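Only one structure is covered here, and it is reproduced in the block below.
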Amino acid sequence: MTFHNDHPHLAAIGDFVSKIGDTLGGLLGKETTKEEEVEEVVEVNDRENIIVDPLLEDQDQCDDCKVEAGRQEYALIQSSTQFKCGPILRYQDIHVERRRWIGSVLIVTDKEEQPPRLVLCDPTKARVGFSHARKLDSWEGNHFYRYDIQLSLMAYREKKIEYWFEKENGEKVAEPQKWNFYVPALDEGHNWAFYSCNGFTSDVADPEGDFHGANPLWDDLLVAHDQKPFHTMVGGGDQIYNDDVLATPEMVEWLKMDGDERIAMDFNNEKRYAVEKYYFEHYVQHFTTGTYSKALSLIPSVNTWDDHDIIDGYGSYPPKYQTCEVMQGIGAAASRFYLLFQQHANANTTHHAGLQTSSSGKGWNCITHLGKRTLMVLPDTRSERSKEMILSNETYEMLEAEIRAKLLPTTKHLIIVLGTPLVYPALKFFEDALEKLGDKLSRGSVIGKIFGKCKAFENVLGQFGPELLDDLVDSWACTVHTEEKRRMVEMLQAIAVERSVRVTFVGGDVHVGGAGRLFGKESQDRLTDPYDMVQIVSSAIVNAPPPGAVITALHTCSKTYSLNDTTSEEMTEIFHEDVDGTPLEKKKLLNRRNWCEVRELVGDHHHQEQSQEDQLQFTLRVENLDHVGVQKYPIVVDYLHTRED
């Protein structure tokens with residue numbers, strides 16, 4: 001960390017600190033070349049050796065009080081003109097006791113020279129700070145760099161952090177291209193946005209004509225951000241649709257083979273290059289296009305992934321397909337670029353990025369604090385998945401131990417983000433419903449639309465087309481996952497009882513909005529029932545919703561199910577009117593594009609105002625018929641009350 005040239009009165013201090021650094025470097029026996037003196041790549045632990053970090057150590061230069069957020073000029077926010085991709089913000093964690101915000105910025109550049117330093121301006125500090133680029137990986141002359149960021153938090157003052165690059169194309173400029181993001185006040189609400197299914201599948205014939213493209217709900221998300229800033233943006237899976245990797249000539253050739261030949265085929269260098277080229281170029285295109293690219297540079301993201309981040313249905317194919325060399329090669333390439341673009345990590349730096357892998361050696365799970373009252377868990381439900389299993393025993397044990405270790409005395413809410421909803425109409429009743437409805441849609445296409453499957457899944461299955469139902473085991477609602485679902489819930493029930501936290505599930509994938517809940521069979525009061533767990537379903541922010549016949553079938557299947565001896569589950573009625581005011585007969589699921597706004601409602605603890613204390617308000621923002629604006633459907637989740645409350 002160094003001092004900015006805009007502060008000449010600090011030059012003497014800067015020189016003094018620099019000399020101390022040089023002296024320490026000599027004592028440690030480190031040789032420094034002239035080139036390294038100009039720009040040094042900071043290693044993982046270099047931050048520990050910084051003598052003075054003004055963003056962390058300097059005293060705040062203002063009162064610790066609430067301030068009104070300023071309006072944004074979104075037209076001025078663009079991807080960096082000097083890099084191939086970025087900047088992309090990532091949220092990692094808040095260390096509550098240290099009042100420390102941790103995150104990062106990613107850029108991708110095809111320039112060989114070391115990228116410029118990142119400049120950070122905290123409005124409560126007298127000096128700006130710098131972050132140095134750390135190289136993560138390279139692919140075909142394109143280089144990935146991560147900038148680590150740590151900031152101090154105040155109790156009541158939310159901060160707007162401005163950031164820019166010290167140089168543009170090698171030169172300092174008078175008015176650099178700038179971006180910003182907000183960090184929360186520790187004693188105020190941590191606000192976040194949830195989205196999923198951020199792309200169109202190939203079966204959407206005319207995305208622009210039918211849906212006005214990908215921007216409408218991203219435009220709405222930034223409108224909400226402008227009104228009251230989001231501190232975090234949570235990607236629940238399918239942040240990118242990579243299914244067209246199977247449309248590359250090398251993969252088309254593979255798909256044309258008969259089943260045995262396809263399974264035996266090598267994943268040679270030609271195929272590997274084609275697959276990696278697709279993933280890299282598609283990520284760059286997707287992350288630098290439209291309103292989504294603006295959001296990536298303005299709101300720090302925390303992500304998990306789902307099948308379309310790899311290919312449609314990955315993990316749920318019959319074993320002989322899932323384990324064949326080509327499929328595993330596709331998975332490896334998808335993993336590499338997922339870690340880089342979405343987690344700002346490579347295979348060797350996942351721990352530094354706050355990701356956790358169990359003793360199974362597979363998966364990148366994220367557990368992070370959204371302030372002092374909410375702990376969020378994003379299990380990796382793809383890396384270990386098979387037709388019979390979603391998460392391994394080792395991962396369940398690791399998750400339980402880490403959740404217990406990271407729950408704070410102040411934690412009120414435990415959020416579990418799963419790619420597919422845990423509470424959803426059970427698949428085992430679906431075929432009966434189709435027969436009763438006499439639905440003209442084919443069995444395969446209806447099931448596919450319910451569980452987000454598209455042509456890519458059928459292409460890989462090939463001769464398995466007639467058995468499509470048996471192979472659609474992506475959902476927690478499938479019978480094969482019933483025991484594992486019960487294990488997940490009972491683990492969380494024990495934590496809820498012992499630690500007095502309210503558990504809430506959030507998931508996407510199914511291209512509808514809705515809500516459900518688990519609850520104790522003997523419960524008389526939802527507020528004091530630790531088994532009462534709400535399921536928020538929010539999908540898709542971009543992809544097309546399923547037809548009305550699917551909603552009819554799902555409502556027909558929607559019953560109150562028994563999960564175990566003490567717990568039941570059901571979908572809940574939240575949609576009494578459509579977005580145009582038309583009364584709805586089917587009130588549990590709505591097939592319109594949507595995303596979820598989440599506001600933490602914090603009461604005045606000093607005066608013990610209980611009406612809005614420690615509630616989370618989830619608001620499904622559902623797209624209007626003309627694709628302009630939204631209608632709002634709120635769901636309030638209370639903290640878990642005790643008898644003393």
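The values are calculated or read from the model by the stated rules, or taken from the named source; none is laboratory data. Computed from a predicted model, the values in this text were never measured in an experiment. Heads up, the Cβs are rebuilt from the backbone with ideal geometry, glycines too, and the neighbour counts pull from every protein chain shown.
Would a scan of the range 367-378 turn up a residue that is in contact (Cβ under 8 Å) with a residue 40 or more places away in the chain, surrounded by fewer than 19 Cβ atoms within 10 Å (Cβ to Cβ) and assigned by TED's automatic domain parsing to the domain that holds Val234? No, that holds for no residue. Consider the range 509-531 and keep the residues that are over 19 Å from Glu498 (Cβ atoms) and among the β-branched types (Val, Ile, Thr). The one that is modelled with the lowest pLDDT is Val510. Could you please find all residues in the range 555-564 being in contact (Cβ under 8 Å) with a residue 40 or more places away in the chain and either assigned to a loop (DSSP other than H, G, I, E, B) or among the aromatic types (Phe, Trp, Tyr) (or both)? Ser558, Lys559, Tyr561, Leu563, Asn564 - these are the residues of the range 555-564 that are in contact (Cβ under 8 Å) with a residue 40 or more places away in the chain and either assigned to a loop (DSSP other than H, G, I, E, B) or among the aromatic types (Phe, Trp, Tyr) (or both).
Residue-wise test of (1) under 30 Å from Thr350 (Cα atoms); (2) assigned to a helix (DSSP H, G or I); (3) modelled with pLDDT of 95 or more.
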{"site": "Asp219", "(1), (2), (3)": "no, yes, yes"}
{"site": "Ala224", "(1), (2), (3)": "no, yes, yes"}
{"site": "Trp254", "(1), (2), (3)": "no, yes, no"}
{"site": "Lys294", "(1), (2), (3)": "yes, yes, yes"}
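Kindly list, by first and then second residue, each pair from a residue in the range 259-276 that is assigned by TED's automatic domain parsing to the domain that holds Cys324 and under 16 Å from Ala332 (Cα atoms) to a residue that is of a type in the set (S, T, N, Q) and part of a helix (DSSP H, G or I), limited to pairs with Cβ atoms under 9 Å and residues at least 6 apart or on different chains. These pairs meet every condition: Phe267/Gln328. Of all the residues in the range 306-343, those that are assigned to a helix (DSSP H, G or I) and among the hydroxyl-bearing types (Ser, Thr, Tyr) number 3. Could you tell me whether any residue of the range 534-544 is more than 22 Å from Leu370 (Cα to Cα) and surrounded by fewer than 23 Cβ atoms within 10 Å (Cβ to Cβ)? The answer is yes, given that some residue of the range 534-544 is more than 22 Å from Leu370 (Cα to Cα) and surrounded by fewer than 23 Cβ atoms within 10 Å (Cβ to Cβ).
Within the range 523-540, being assigned to a loop (DSSP other than H, G, I, E, B), more than 20 Å from Leu221 (Cβ to Cβ) and touching a Phe, Trp or Tyr at 6+ places or on another chain (Cβ under 9 Å) holds for Ser523, Asp529, Tyr531, Asp532. Within the range 209-237, residues that are on the phi > 0 side of the Ramachandran plot have Cβ atoms under 6 Å from residues that are outside any loop (DSSP other than H, G, I, E, B) in these pairs: Gly213/Pro207, counting only partners at least 6 apart in sequence or on another chain.
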